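Chemist: Structure in structure tokens, see below.
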Amino acid sequence: MTKHCVTLLAVALTMLGSVGGAQAENKPTTGEAASARSGLHDFDFEFGSWKVHHRVKRANGEWLEFDGTCITHGLMGGAGNVEEHTFNKADGVTYGVALRAYDAKTNKWAIWWVDGRAPHGPLDPPTVGTFANGVGTFYWEGDFNGKRLRARAVWSQITPTTAHWEQANLLDDGKTWETNWVMEFQRTK
């Protein structure tokens, strides 16, 4: 079994295991509570069910809009979580999963994406970052369609019932960030 297949199997098993016990797994231990500035619970705001409005910029520059849902569950005592998306597009329903893991040594989160349209494709390097002043900023660098690409994802405008996420690519030799995907989250429960 390849490393990629093992990783996908681990994601699937983790998702199944998190459904029933997400609430119990998110309570901090005594050591975690004593941490001065831990980012361990930075994504707790997202636990639960959401309605999501998506705007995605196509290669031709036009924006495609569609709705979807998102369910997020905590894992590993808060040091991980799974975000499962359903995308209701005009040409059909697709799915995606974000798996996140927190490293207390660096105070950073790593985020891997599994696209349901190509679930056995290779996993990209993770998007890595942290939260500061209520805004989460995460960076990714890798190859996309044979070109070197740097991307940024930002979580902002976080309230108990809403959140904003957007992704941008770095263009023109690093001078301009161009937004290509925006998600507006509205809590449903």
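Read the figures in this text as sums done on the coordinates, not as results from a lab. What you are looking at is a predicted structure, and each value in this text was computed from that prediction instead of being measured. Because the Cβ atoms are built from the backbone with ideal geometry, glycine has one as well, and the counts that use them run over all protein chains shown.
Chemist: Please identify every one of the trypsin sites (Lys or Arg not before Pro) in the range 95-185 that sits in a loop by DSSP and has no more than 11 other beta carbons within 10 Å of its own beta carbon.
Modeler: Sparse-neighbourhood loop trypsin sites (Lys or Arg not before Pro): Lys105, Arg117, Lys175.
Chemist: For every other residue with a beta carbon closer than 13 angstrom to the beta carbon of Trp109, add +1 if it is Lys or Arg and -1 if Asp or Glu, then tell me the sum.
Modeler: Here the charged neighbours net out to -2.
Chemist: Also: Compute the signed sum of charges (Lys and Arg +1, Asp and Glu -1) over the other residues within less than 10 Å, Cβ to Cβ, of Thr179.
Modeler: Charge balance near Thr179 sits at +1.
Chemist: Where does the charge balance sit around Ala168 when Lys and Arg score +1, Asp and Glu -1, over other residues with C-beta under 9 Å from its C-beta?
Modeler: -1
Chemist: Here is a follow-up. Sorting check: for 130-139, 54-63, 78-87, which peptide has the highest mean count of neighbouring beta carbons within 10 Å, and how do the rest follow?
Modeler: Highest mean packing first, the order is 78-87, 130-139, 54-63.
Chemist: To one decimal place, what orientation-averaged projected area in nm² is obtained for the convex hull of the Cα set of the range 59-189?
Modeler: Over all viewing directions, the range 59-189 projects a mean Cα-hull area of 9.7 nm².
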